[in-house]
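A short worksheet on the structure shown next.
Each reported figure results from applying straightforward, stated rules to the coordinates on display, with no laboratory input. Note that the structure is a prediction, hence the values are computed from the model and not measured. Cβ atoms come from the backbone with ideal geometry, glycine included; neighbour counts cover every protein chain shown.
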Amino acid sequence: MDSTALLSAWEEGVARSAPDRALLLLAATHPDYSFDAWSRLPIGQRDAWLLSLRERLFGPQLDLVATCPGCREKLEMQMNVADLRVPSPAVEPSYELEQDGLRIQFRLPTSADLAAVTAGGGLEVLLARCVEARTVEGQRVEPETLSPAILEALDARMEAADPQAVVEVALECPGCEHNWTVRFDIVAVLWSEVEAWAAGLLRDVQSFASAYGWTERDVFALSPLRRKIYREMIVA
């Protein structure tokens, strides 16, 4: 892994939105694909790539923390990245839904769509970007006027077409035996791990510069194992 590229992606992503952070990490670690190319992938496909990236960077096992909504006890658990992969159908260019006298054509949301929503557009912007609705007679219907029932059906169809985009984990509190589900957010999890990695790497740069007079480039050239050994020798 190119530590310099990954560190640059982290540095740029600090002030960016969550969708942008995901794309920066993917573009930095897959230089054959641009930021814009990644932004056009449906969310489920993007998240599948992020799961693979997580395995590549930090291994196949995740250490997660959750708070029980029943008794507020903090739970620590381990999961395998493989357990978070969801079998998904092939992505189609567009999908159709017919309900309550309307014919709705839609495509799956992408990171570019989420970025537009994050920028302050809200649900109306997402619908305008991804959905086209007409009556059976062909008259156009503005997506923001769709009824709650149709929006619920549309959401269900999108989730069925892109199940990796919404991954929920079932949890049980050993203390109060409360059961609940939480949505697993690979973007948030991976970004927090990259932040911790970046902080550790920069601490190594400072320590090695003081102890050995090395530059940032010298430290980045070391493997994680060699950095660990040099770090232990400084402490000793």
- Query: How large is the helix-only mean residue ellipticity at 222 nm for the chain, computed as the sum of -39500 (n - 2.57) over DSSP H runs with n ≥ 4, divided by its residue count, in deg cm²/dmol to the nearest 500?
  - Reply: -15500 deg cm²/dmol
- Task: Report, in degrees rounded to the nearest 10, the 0 to 90 angle that the Cα long axis of helix 186-212 makes with the longest principal axis of the chain.
- Result: 20
- Task: Calculate the translational D of the chain in whole µm² s⁻¹ from Stokes-Einstein, where the hydrodynamic radius comes from the Kirkwood formula applied to all Cα pairs, the temperature is 20 °C and the viscosity 1.002 mPa s.
- Result: 104
- Under the Karplus relation with 6.51, -1.76 and 1.60 and θ = phi - 60°, whole-Hz ³J(HN,Hα) for the range 162-167, x at Gly and Pro, equal 9, x, 5, 6, 10, 10
- Over the range 95-161, what relative contact order in percent results from Cα pairs under 8 Å that are six or more residues apart? 31
- Task: Place a +1 charge on the Cβ of each Lys and Arg in the chain and a -1 charge on the Cβ of each Asp and Glu, then give the dipole magnitude about the Cα centre in debye, rounded to the nearest 20.
- Result: 780
- Out of 115, 104, 128, whose Cα points farthest toward the positive end of the dipole of the range 98-140 (charges: +1 Lys, Arg; -1 Asp, Glu; placed on Cβ)? 115
- Item | the range 95-161 - Rg over Rh from alpha carbon coordinates, Kirkwood radius | 0.96
